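This report concerns only the one structure given below.
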Amino acid sequence: MEKLLIIEIKELNKSIASCDSFQDILSVADLDGSLSMQEERRGDDYSYPIRLNALLIVMVLKGSASIKIDYVDYEIKEHSFLTIMPAHIIQTQPVSEDFKAVMIVADHTFLEDLRPENRSPSMMNYMRVRKNPCIDFTPEEAKHIEKSMELLREKIKLRNHFFHKEVMLNSFMAFLLEMANILMGKRDSLVLPTLSRKEEIMNRFIQLLLVHCKEQHGVTYYAEELCITPQYLSLVLKELSGKSANKWIDDALMLEAKILLKMPQTTVQQVADMLNFSDQSTFGKFFKKHMGISPMEYRKSH
């Protein structure tokens, strides 16, 4: 399978002229077609296929452009609304000189902190958005979303707020609810999320992972439950989500670990036991590998 370049949000922010960013994990940016030639000269355009390691939301305000999403061509214009997930393969095409849009980019680490207690989203809702990345809004809907995006940008600028991250999490959740409200009104006109065989495998894997990730850390267990080989499971997950089976399992374990470490009555040893690590040291090494700090340091900082 083609190995795609994965772009991190920090790198993307550097290539955008007008961008307000919260800790390089959430950004609101203006896209301007008149600057596209300058970006191309700098070598910052992303005209080759990539995966972005973040959720990307775009509201087109003016002009037109072409974009490939999962190798399917989309023509976007005024009032087009794009939702591009980390699973999507994207390739930008030339935009019109009068093209203007507002874009939100949310890193996966920010999304994980959004609603950790509600981490079992409907697969059908996920697939509905994934299969309908480009939707036309009415002028009223577009204006409402643009205002919501600008409100989020204003919250980013509150850099001296003592509870800035909490403000950003709540503000982004409010934006998502406004977005979801509009999308719910259009659900009858969207492509029905019929799952392919590979998508069914991913769906079943995620459901198994939600139930068993604490005690089952190996790919083999999940592959056997799905009656496929570990290699094929990883291939399917990599193709659909950009993440291998091992990465899915590690991310699920890290999410569980962070939730448990926020419980002050639970010791690090108890967290290690609850997540089925052989001992506290092994858990500590796993956690530090993924977070860059020890479990105790994480607990003190949160």
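For Ile228, indicate whether it is open to solvent by less than 60 Å² (accessible area, probe 1.4 Å) and either among the polar types (S, T, N, Q) or in contact (Cβ under 8 Å) with a residue 60 or more places away in the chain (or both). In short, no.
Here Val102, Val28, Val72, Val95 are screened, and the one residue that is among the β-branched types (Val, Ile, Thr), at pLDDT 75 or above, more than 29 Å from Leu195 (Cα to Cα) and open to solvent by 30 Å² or more (accessible area, probe 1.4 Å) is Val95. Scanning segment 31-64 for residues that are at pLDDT 75 or above, of a type in the set (Gly, Ala, Ser) and over 23 Å from the mean Cα position of the chain (by Cα) returns Gly33, Gly63, Ser64. Annotation: of all residues in segment 161-201 being closer than 23 Å to Ser241 by Cα and polar (S, T, N, Q), the one that is most open to solvent (accessible area, probe 1.4 Å) is Thr194.
The values are calculated or read from the model by the stated rules, or taken from the named source; none is laboratory data. Everything numeric here is computed off the predicted structure, so don't read it as measured data. Counting neighbours? That spans all protein chains shown, and the Cβs are built from the backbone with ideal geometry, glycine included. In case anyone asks, the SASA skips ligands and DNA or RNA and just uses the protein heavy atoms, side chains included. Shrake-Rupley method; radii C 1.70, N 1.55, O 1.52, S 1.80 Å.
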